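Single-structure report; data block below.
Quick note: the coordinates plus some simple rules give every number you see, no bench work behind them. Everything quoted here is computed from the prediction, not taken from an experiment.
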Amino acid sequence: MPKLNAVQIKSALATVPKWKKMGASITRPFGFKDFPAAIQFVNTVARRAEQAGHHPDIDIRWNQVTLTLTTHSEGGLTEKDFKLARQLDRLA
């Protein structure tokens, strides 16, 4: 999947307004009532990501989970990142 250019990234970001571009990645924090709820979310993310063949970086801090997406093989953002971001938004 080809890396997106700046115009394409700006357009794709409009479809995932809670995600922010950081360098060659997009990132989003998700908040939960407690640690077990955060871990349950991470387990669901893991299953969805595995099905998509795309694996986010996951940072867990008690009830806060931050996901970071980039397509490492392309060296930046692709439609694959935004497609998974839209799927993960529906989990929250």
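Table for the structure above
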{"item": "Residue-by-residue Karplus 3J(HN,Hα) for segment 66-79, coefficients 6.51, -1.76, 1.60, Hz, glycine and proline x", "result": "10, 9, 10, 10, 7, 9, 4, 5, 9, x, x, 7, 10, 4"}
{"item": "Correct choice for percent of Cα pairs over 22 Å apart that was computed from the model, options [x] 49; [y] 31; [z] 23", "result": "[z]"}
{"item": "HN-Hα J in Hz across segment 40-57 - Karplus 6.51, -1.76, 1.60, θ = phi - 60°, x for Gly and Pro", "result": "4, 4, 4, 5, 5, 4, 4, 5, 5, 5, 4, 4, 7, x, 9, 10, x, 7"}
{"item": "Computed over segment 6-89: relative contact order in percent, which uses C-alpha pairs under 8 Å that are six or more apart", "result": "33"}
